[in-house]
Ligand SMILES: [Zn+2]
């Protein structure tokens, strides 16, 4: 039995493509970042305009144009893209090579402009082969929306012919409620948002829904007509009726998930950053000033609670303040990191002497280590009870570690201090307050670079 295989297939979507420039003798390398056929999203409707659709085409330069239709489980068309490939021959710098530039262009729906995507492909018409064709619809065309999670099929249509090309599965990322420990972790994340806004409008009558989520409600925004996401109705139907029964329950349940996960936001979602270089600079200066005053441990605790971004080096997903573990102990801070490590943190005064004149470790710093070692011992002996104290389930934590934050860098032999920090007392890391300042400084510089206007 022979099967005929279509000459074009759909491979998945990816968020980014990087072209690695070519030397004159080689083809540029195209790196598809995060190619996948399962798309997880906090919210629906989900815009696909910014995603790259990745196709594989056989003998791309000889292809007929294809109407690529995304259909839902019931076979209903959701949206479509016109993909037509045209080839312009042109020589690469190296005239002896027989490589060529291939321009493909595609259109999404009828109002789409031509979006050319230049693709380099080895041209060897005697040995036809498969080529990767990326296509990003872009935001200048009609919104290409996936209204709800589910399996979607990609089919190709040429005249009367219809053939399967692939599929995409969309799943909902269910977002746990904003408990205080999750709010603290969002505030600790360098790229978190303090508010996310999403807007859905009818193209015909302009009636729209403006919803926002934040770590707290914003009265001024509500006066401007923005609606707190949790108070959205089930559905949106505009008054002209062209936009009807848009399911808003995904936004209502999960919009706050984007606060700490801002890389997943796409078009139609805008956000207000939690941190900017200026506000972090103020925290840096205030913290340096506080440390100069030889503050009490409680003042240091309070300052870090007010500015949990100082804990960003622990990559927190959750941050706990002053949590007791079992009856005997109380942690100063605890963090569940993005790699599911529970880190129990002990802070001591910044004025503590870390090392003796002879380079040995002082009783005060040994005491801090011993404290954390006791916690880890408890965590090993009574793991379920310790996790329960944090309201964590066993599958949320793969390992328990410790950290001591204590003292300053100045006044010690550099080599002896390096040795103290490098010595791993089992699973315990040692940081000084200067280490916290330093990592905040690095963060500020990286934000300055990232958010600087890009020169053309
Ligand atoms: Zn309308």
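Tabulated data for the structure shown
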| quantity | calculated |
| --- | --- |
| Residue 251 vs. criteria farther than 25 Å from residue 141 by Cβ, surrounded by 15 or more Cβ atoms within 10 Å (Cβ to Cβ) and more than 16 Å from the ligand (Cβ to nearest atom) | no |
| Members of the stretch 397-438 found to be at pLDDT below 95 and assigned to a helix (DSSP H, G or I), listed by number | 414, 415, 416, 417, 418, 419, 420, 421, 422 |
| Every residue from the stretch 355-387 that is under 24 Å from residue 408 (Cβ atoms) and out of contact with any strand residue (DSSP E or B) (no Cβ under 7 Å at 6 or more places or on another chain) | 356, 357, 358, 359, 360, 363, 364, 365, 366, 367, 370 |
| Spans of strands (runs of 3 or more DSSP E) in the stretch 128-241 with at least 1 residues touching a helix residue (DSSP H, G or I) at 6+ places or on another chain (Cβ under 7 Å), under 26 Å from residue 39 (Cβ atoms) and more than 16 Å from the ligand (Cβ to nearest atom) | 130-135, 161-172, 193-201, 208-214 |
| Residue in the stretch 254-261 that is outside the structural domain of residue 283 (by TED's automatic domain parsing), part of a loop (DSSP other than H, G, I, E, B) and either within 16 Å of the ligand (Cβ to nearest atom) or at pLDDT below 90 (or both) present | yes |
| Among (1) in a helix (DSSP H, G or I); (2) touching a helix residue (DSSP H, G or I) at 6+ places or on another chain (Cβ under 6 Å) - the single one residue 371 does not satisfy | (2) |
| Flag for residue 68 being within 20 Å of residue 15 (Cα to Cα), in contact with a strand residue (DSSP E or B) (Cβ under 7 Å, 6 or more places away or on another chain) and modelled with pLDDT of 85 or more | yes |
| Flag for residue 376 being farther than 25 Å from residue 441 by Cβ, modelled with pLDDT of 90 or more and surrounded by fewer than 22 Cβ atoms within 10 Å (Cβ to Cβ) | yes |
| Single condition residue 315 does not satisfy, out of (1) out of contact with any helix residue (DSSP H, G or I) (no Cβ under 8 Å at 6 or more places or on another chain); (2) over 22 Å from residue 277 (Cα atoms); (3) surrounded by fewer than 20 Cβ atoms within 10 Å (Cβ to Cβ) | (2) |
| Candidate set from the stretch 63-73 (those that are part of a loop (DSSP other than H, G, I, E, B) and over 32 Å from the mean Cα position of the chain (by Cα)); member that is surrounded by the most Cβ atoms within 10 Å (Cβ to Cβ) | 63 |
| All positions within the stretch 333-365 that are closer than 26 Å to residue 389 by Cβ and without any contact (Cβ under 8 Å) to a residue 40 or more places away in the chain | 333, 337, 338 |
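A quick yes/no check of all residues on (1) in a helix (DSSP H, G or I); (2) modelled with pLDDT of 95 or more:
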site	(1), (2)
279	yes, no
282	yes, yes
289	yes, yes
295	no, yes
317	no, no
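The values are calculated or read from the model by the stated rules, or taken from the named source; none is laboratory data. Keep in mind that what you see is a predicted model, and the values were worked out from it rather than measured. Cβ: placed from backbone, ideal geometry, glycine included. Neighbour counts: every protein chain shown.
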